[in-house]
1. For residue 145, work out the one condition from (1) part of a helix (DSSP H, G or I); (2) touching a strand residue (DSSP E or B) at 6+ places or on another chain (Cβ under 6 Å); (3) within 30 Å of residue 246 (Cα to Cα) it doesn't fulfil.
2. Say whether the condition of being in a loop (DSSP other than H, G, I, E, B), at pLDDT 95 or above and surrounded by fewer than 23 Cβ atoms within 10 Å (Cβ to Cβ) is met by at least one residue in region 81-89.
3. Residues of region 149-163 being touching a helix residue (DSSP H, G or I) at 6+ places or on another chain (Cβ under 9 Å) and either assigned to a helix (DSSP H, G or I) or at positive phi (or both), which ones?
4. Restricting to region 285-307, what's the tally of residues that are surrounded by fewer than 20 Cβ atoms within 10 Å (Cβ to Cβ), out of contact with any helix residue (DSSP H, G or I) (no Cβ under 9 Å at 6 or more places or on another chain) and part of a helix (DSSP H, G or I)?
5. Hey, among the residues in region 94-126 that are outside any helix (DSSP H, G or I) and touching a strand residue (DSSP E or B) at 6+ places or on another chain (Cβ under 7 Å), which one's farthest from residue 11 (Cα to Cα)?
6. Test residue 247 against the stated conditions and say whether it is in the same structural domain as residue 189 (by TED's automatic domain parsing) and crowded, with 20+ Cβ neighbours inside 10 Å.
7. Only one of (1) surrounded by fewer than 18 Cβ atoms within 10 Å (Cβ to Cβ); (2) over 16 Å from residue 117 (Cβ atoms); (3) modelled with pLDDT under 95 is not met by residue 232, so which one is it?
8. With the checklist (1) surrounded by fewer than 18 Cβ atoms within 10 Å (Cβ to Cβ); (2) within 21 Å of residue 320 (Cα to Cα) in hand, flag the one item residue 226 doesn't pass.
């Protein structure tokens, strides 16, 4: 399959390398010549112009530009007939999103918004446990993510994560937890959010976010995210009517305790923090759906529930009130 990766930064490099490893013909587009040099020996060709790359008539476009440019690049590629893989988040606002979805439908394209955590064996095991009869209805979830932003890269203050315009808003950068909460608990109804700058790590974006989310199912979730913790953290706890489930990414384990056994039963999920296989599985799944002509589980349209929750959370952080999703 002929593929064009639009944006050859760190995530674009990863997707390009993985798509090549899956046996596909992959090209890269970026206005940054250093990024193109980094992928030159892996890609089938590199371009500084998207229009020029589209002359190759690729079947698939992988959109890995900064979040504020996702819709523009995706529309251009969809108009050229490309199936779309769009890195999370699909956008930073609703502007242009409905037009993109209309083009996708009109051209009968397959789309997917990348949420690699859905392909992590730990969170997949949690999902399996939630569907066991003895678990019961989910009542409450506690989701936590954090890491120390300066550990990410030496010039982190020049990265998109420290630049709100490019998409560094922590709510959108860490949209995985919102996606996971909706995946586990169903559609969100309303949200109360507080975001703070508690340190000198960042100046243009917040470094700590707390939110409460109420779901149409009646369940509630607390979601915490930060750029402050000096060790990577990602933990999910889901309390159900008859069982409690806990996943700890760093401890590499998933556990369940039920009303009947009253003791934790643990399973090992031995994966490293920087776990590339979930990205490989994500890309393999998407390209398989393209090949079959089948809809993905997280199409551009399906992803709107997560985008709308993120936008409502941002609004709540400004208003200081509960906001409807």
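The values are calculated or read from the model by the stated rules, or taken from the named source; none is laboratory data. Every value quoted in this text rests on a predicted model; they were computed, and no experiment measured them. Heads up, the Cβs are rebuilt from the backbone with ideal geometry, glycines too, and the neighbour counts pull from every protein chain shown.
1. Single failed check for residue 145: (1).
2. There is at least one residue in region 81-89 that is in a loop (DSSP other than H, G, I, E, B), at pLDDT 95 or above and surrounded by fewer than 23 Cβ atoms within 10 Å (Cβ to Cβ).
3. Once the filter is applied, which keeps residues that are touching a helix residue (DSSP H, G or I) at 6+ places or on another chain (Cβ under 9 Å) and either assigned to a helix (DSSP H, G or I) or at positive phi (or both), region 149-163 yields 149, 150, 156, 157, 160, 161, 162.
4. Here the count works out to 4.
5. Ranking the candidates gives 109 first.
6. yes
7. Tallying (1) surrounded by fewer than 18 Cβ atoms within 10 Å (Cβ to Cβ); (2) over 16 Å from residue 117 (Cβ atoms); (3) modelled with pLDDT under 95, residue 232 fails exactly one: (2).
8. If we test residue 226 against (1) surrounded by fewer than 18 Cβ atoms within 10 Å (Cβ to Cβ); (2) within 21 Å of residue 320 (Cα to Cα), just (1) comes out false.
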